[in-house]
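The values are calculated or read from the model by the stated rules, or taken from the named source; none is laboratory data. The shown structure was predicted, so the numbers you read here are calculated from the model rather than taken from an experiment. With ideal geometry, Cβ positions are generated from the backbone for all residues, glycine too; neighbour counts draw on all protein chains shown. Heads up: the accessible areas ignore ligands, DNA and RNA and are worked out on the full protein's heavy atoms, side chains in. Shrake-Rupley method; radii C 1.70, N 1.55, O 1.52, S 1.80 Å.
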Amino acid sequence: MRALMGLSFIAFTMVALSTGDAVAAPVLVQAFDAGQGQLPESVTTDDDGNFYMSMGSTVTKRTPNGQLSVLATPPIPEGAFVTGVKFGPDGFLYAGSGGFAPEPSAAFVWRIDPDDGSIEEFAALDPLGFPNDLAFNDDGDLFVTDPFLGQIWKIDEDGDADVWIQHPTLEGTPDTPVLLIHDFGVDGIAFDKHQENLYIGNLDKGTIVRIPVQCGGHAGQPKIYAEDDRLAGADGIAFDHDGNLYVAVNWQDSIAMVDKKGKVSTVATGGVLDGPSSLVFGTSPQTKKTLYISSFAINRALGTQPGAPMPSLSKMSVKTKGLELY
């Protein structure tokens, strides 16, 4: 299985969508230097066309003309990482952090001013966990995946955190971790258009799980929405306005799409994609049908897949505009 996955890095394919239209192949926006630790794990954007990426222990900003600068460096332990980045309804940038050791703790969510980079601790979470991807609802509550603990946190506007749901469908597979370095369960996270359901990707199990949001905001019973070998290594996810879910499939160097009926297809693989880990749609009128992709390249950087790492920001055109995040 993994031998076949490795071949995808040197192959390229473009698959027609169910409507008969095709997406364009991903093209490079900017290459990064793995030797300098420029491995973009998560990416988001603002209305001015700036991109914000977690790179190692920093949040890095990329201007529309390609200039890179460190926006913020959270005070996390050596060897820990900044993980998911997402703008909140309040205009601040939020970032998770985590590490592979519980002491000293790296499990936090940080709030960052995108103008001056000033940073403050927003929430402290279980040090045994690994806070990963983030999603806001319209009420300003923040939902954070934890792939080590197999759960989702819910954090209110005051930074008070509770476990929203913990469930076996959110757990990884310690005996057969896809990324080899550690088991990873619940990872990417996104609400559907009306925020009636929260969708998550399970990286190890290759599944998309749908969790109903009940009256009062409580979690309903999780159900498998899609399960497919083409989702093994599912990382960041993003919805378009038609209800199609795009999935960055880290280990397979591919982008998959899950349609409204749960049918899975691969829409791009190989080429500039190297461990794609996060997706975000553009927000301007010209870029709302553009999907931006961060290639983390962590597998090749660590030597768990063959070849030289090629971290990057790339983009691909799709048929339907992206769903606004809030």
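Rolling a 1.4 Å probe over the protein chains gives Thr83 an accessible area of about 0 Å². Ligands, DNA and RNA excluded, the heavy atoms of Trp251 present near 10 Å² of accessible surface to a 1.4 Å solvent probe.
Element breakdown for the chain at a 1.4 angstrom probe: carbon and sulfur atoms account for 51% of the accessible area. In a reduced charge model with +1 at each Lys and Arg Cβ and -1 at each Asp and Glu Cβ, region 146-296 shows a dipole moment near 680 debye about its Cα centre. Over 24 Å between Cα atoms: which of Lys223/Lys315; Lys193/Lys261; Lys154/Lys193; Lys205/Lys315; Lys261/Lys315; Lys61/Lys154 fall into that group? Among Lys223/Lys315; Lys193/Lys261; Lys154/Lys193; Lys205/Lys315; Lys261/Lys315; Lys61/Lys154, the Cα-Cα distance tops 24 Å for Lys223/Lys315; Lys205/Lys315; Lys261/Lys315; Lys61/Lys154. Taking only alpha carbon atoms, region 219-309 gives an Rg to Rh ratio of 1.01, where Rh is the Kirkwood radius. Projecting label points 7 angstrom from Cα along Cα→Cβ for Gln286 and Asp139 puts them 3.9 nm apart.
Accessible surface area normalised per residue over the chain is 41 Å², counting heavy atoms of protein chains with a 1.4 Å rolling probe.
Legend: residues Trp164, Trp110, sorted from most to least accessible area (1.4 Å probe; ligands, DNA and RNA excluded), read Trp164, Trp110. Subtracting the Cα-Cα distance of Thr304 and Asp33 from 0.36 nm times their residue separation leaves 95.7 nm of extension gain. Using the Cβ of Val186 as centre and a radius below 9 Å, the other residues enclosed give a net charge of -4, where K and R count +1 and D and E count -1. With viscosity 1.002 mPa s and temperature 20 °C, the Kirkwood radius over alpha carbon pairs of region 178-225 converts through Stokes-Einstein to a diffusion coefficient of 187 µm²/s. Mean residue ellipticity, 222 nm, helices only, the chain: the sum of -39500 (n - 2.57) across DSSP H runs of n ≥ 4, divided by residue count and rounded to 500, is -500 deg cm²/dmol. Each part gets one Cα centre, and for region 270-286 versus region 74-111 those centres are 22 Å apart. Taking all protein chains together and a 1.4 Å probe, the residues Ile119, Ile155 rank Ile119, Ile155 from largest to smallest accessible area.
Counted over region 193-260, the DSSP beta bridges are approximately 100% antiparallel. Under the criterion of Cα pairs below 8 Å and six or more residues apart, the relative contact order for the chain equals 18 percent. A Cα-only calculation for region 66-181 places Rg and Dmax at 14.4, 44 Å. With no solvent and one point per C-alpha, what does the Debye sum give as log10 I(q)/I(0) for the chain at q = 0.08, 0.11 Å⁻¹? So the normalised log intensities work out to -0.30, -0.60. Separation of region 233-249 from region 133-147 is 16 Å, based on Cα centroids.
Ranking Phe100, Phe130, Ser118 by Cα position along the charge dipole of region 87-153, where only Lys, Arg, Asp and Glu carry charges on their C-beta atoms, puts Phe100 farthest toward the positive end. On full extension, the segment bounded by Asp259 and Ile224 gains 11.2 nm, given 0.36 nm per residue less the C-alpha separation.
Solvent-accessible area of Lys288, all protein chains in place: 70 Å² (probe radius 1.4 Å, heavy atoms, ligands and nucleic acids excluded).
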